[in-house]
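All of the numbers you see were taken from the coordinates with simple rules; none came from a lab. Note that the structure is a prediction, hence the values are computed from the model and not measured. Using ideal geometry, Cβ is built from the backbone for each residue, glycine included, and neighbour counts are taken over all protein chains shown.
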Amino acid sequence: MNNHDKKLKQRELGKTGLKLSCVGFGASPLGSHFGPVSEEEAIAAVSHAFHLGINFFDTSPYYGATLSETVLGKCLKALGAPRDQYIVATKCGRYKEGFDFSAEGITRSIDESLERLQLDYVDTLQCHDIEFGSLDQIVKETIPALQKIKESGKTRFIGITGLPLDIYTYVLDRVPPGTIDVVLSYCHYCINDSTLNDLIPYLKSKGVGVINASPLSMGLHTENGPPEWHPASDEIKATCRAAADYSKQNGINISKLALQYSLTNEDLSTVLVGMGSVKQVEENVDAALELQADGIDQSALSKILDILKPIKNQTWPGGVL
């Protein structure tokens, strides 16, 4: 189905004034995080995404041990588009070598990221997976360091990411209003777990924009199933496998349905999906445009939600890899 004459919707990111495409480009696959992606494939994927209306690209020094940032930098350079036409987010604090949430580490990290990305600034700099550190250090040391980086112009906005939802209330209740611009939550607004929804009124009250990542719950909602290292319980995996099998037998594309489900919540500024090929870009954009035109397949959705009901809103411990 070719919807490419239609436009992807954009949504505002909290109070930043940034307008993000409803589908965001997760650049972790560019670091060959899930299997090899050549530079040519990466450049083609980013270029195609941009031409189809995706304007938000998210990476981290952790992905592919800095390779994702380096490759994304080359892709954006090859794009040759004006800098204000695309929005770039990277992260700090989590690296292949481990975690470093110190002010010194964060301050060094952004300079290294900008060099790899070949950019003068990023649009958002997010502290990566803060549940692995001391939340008091995040509040007292890391966030003040992020604020200084913001004042220096190396990032326009700052944020935090992580799996457990209670980390957001812990931090946001302890910093002045307006300190944090954005949070990136993953695996909590999916067909099996929509607990992020309960937090949205609170986040809105704090003026924070919400990025939703991993609508496929790190591979649970795919025909092939999750990677070996997936931290979900056997019960969650088995139930998601049953939903995927039912979908396959009944001509339902489980991954497309899962993405569309996440996209239906307009309080989420963007839904980040990992992409490493032109084909993946096309599938994700088509799913979003189909949703914009026709809405979600309610009968397929209700059947899948029914299968997933026994594990609804079950998660796994943050800090487990």
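Once the piece of chain linking GLN137 and SER152 is laid out straight, how much longer is it, given 0.36 nm per residue of separation minus the C-alpha distance between them? Mind dumping the intermediate values first?
On the way: separation 15, 0.36 × 15 = 5.40 nm, distance 2.16 nm.
Full-extension gain reported as 3.2 nm.
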Completion exercise
Going through LYS15/LYS154; LYS77/LYS150; LYS7/LYS206 one by one, the pairs whose alpha carbons sit over 25 Å apart turn out to be LYS7/LYS206
Exercise for the section: For the chain, set up a Gaussian network in which alpha carbons nearer than 10 Å are linked by springs, and say which option among GLY225, GLY31, GLY209 fluctuates the most. Expected result: GLY225
Handout entry: Selection from SER113, GLY219, LEU146 lying farthest towards where the dipole of the chain points positive, charges on Cβ
Key = LEU146
Fill in the blank from the handout: Here, SER205 and THR169, labelled 7 Å along Cα→Cβ, have an inter-label distance in nm of 1.0
Handout entry: Residue (of GLY251, ILE307, SER134) at the positive-pole extreme of the chain, dipole from beta-carbon charges
Key = SER134
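Compute the Cα gyration tensor for the range 155-255, then decide on rounded, prolate or oblate, letting a ≥ b ≥ c be the square roots of its eigenvalues: rounded whenever a/c is under 1.5, prolate when a/b is larger than b/c in the other cases, and oblate in all that remain.
Numbers: a/c = 2.79, a/b = 2.55, b/c = 1.09.
Prolate.
By counting other Cβ atoms within 10 Å of each Cβ, how are HIS188, HIS221 ranked from fewest to most?
Values: HIS188 22, HIS221 27.
Least to most surrounded, the residues fall as HIS188, HIS221.
Need one number: convex hull volume per residue for the range 176-321, Cα atoms only, in Å³.
Taking the convex hull of the Cα positions in the range 176-321, it is 129 Å³ per residue.
Multiplying the sequence separation of GLN85 and GLN249 by 0.36 nm and subtracting their Cα-Cα distance, what value in nm do you get?
Details: separation 164, 0.36 × 164 = 59.04 nm, distance 4.20 nm.
Separation in residues times 0.36 nm, less the Cα-Cα distance, equals 54.8 nm.
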Practice task
Can you tell me the dipole magnitude for the chain around its Cα centre, using point charges on the Cβ only (Lys, Arg +1; Asp, Glu -1), in Debye to the nearest 20?
Solution key: 480
Completion exercise
To the nearest 20 debye, the range 1-121 has a Cα-centred charge dipole, built from +1 on Lys and Arg Cβ and -1 on Asp and Glu Cβ, of 540
Problem - Rounded to the nearest 20 debye, dipole of the range 254-300 from Cβ charges on Lys, Arg, Asp, Glu - result: 180
Practice task
Please work out the Cα center distance from the range 76-140 to the range 257-308, rounded to the nearest Å.
Solution key: 28
Fill in the blank from the handout: Within the set LEU119, LEU20, LEU196, GNM on the chain using Cα springs under 10 Å gives the largest fluctuation to LEU119
Practice task
Please give the length that would be gained between ALA65 and SER38 if that part of the chain were fully extended, namely 0.36 nm times their separation in residues minus their C-alpha to C-alpha distance (nm, one decimal).
Solution key: 8.1 nm
Handout entry: DSSP-loop chymotrypsin sites (Phe, Trp or Tyr not before Pro) across the range 139-246, with at most 13 other Cβ within 10 angstrom
Key = TRP229
Problem - Neighbour-count order for PHE50, PHE132, PHE25, fewest beta carbons within 10 angstrom listed first - result: PHE132, PHE50, PHE25
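May I ask you to derive the relative contact order of the range 59-204, considering only C-alpha pairs under 8 Å and at least 6 residues apart, and to give it as an integer percent?
19
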Practice task
Considering the options THR155, GLY178, LEU165, tell which one lies farthest towards the positive end of the dipole of the range 137-210, charges being +1 on Lys and Arg and -1 on Asp and Glu at the Cβ, about the Cα centre.
Solution key: THR155
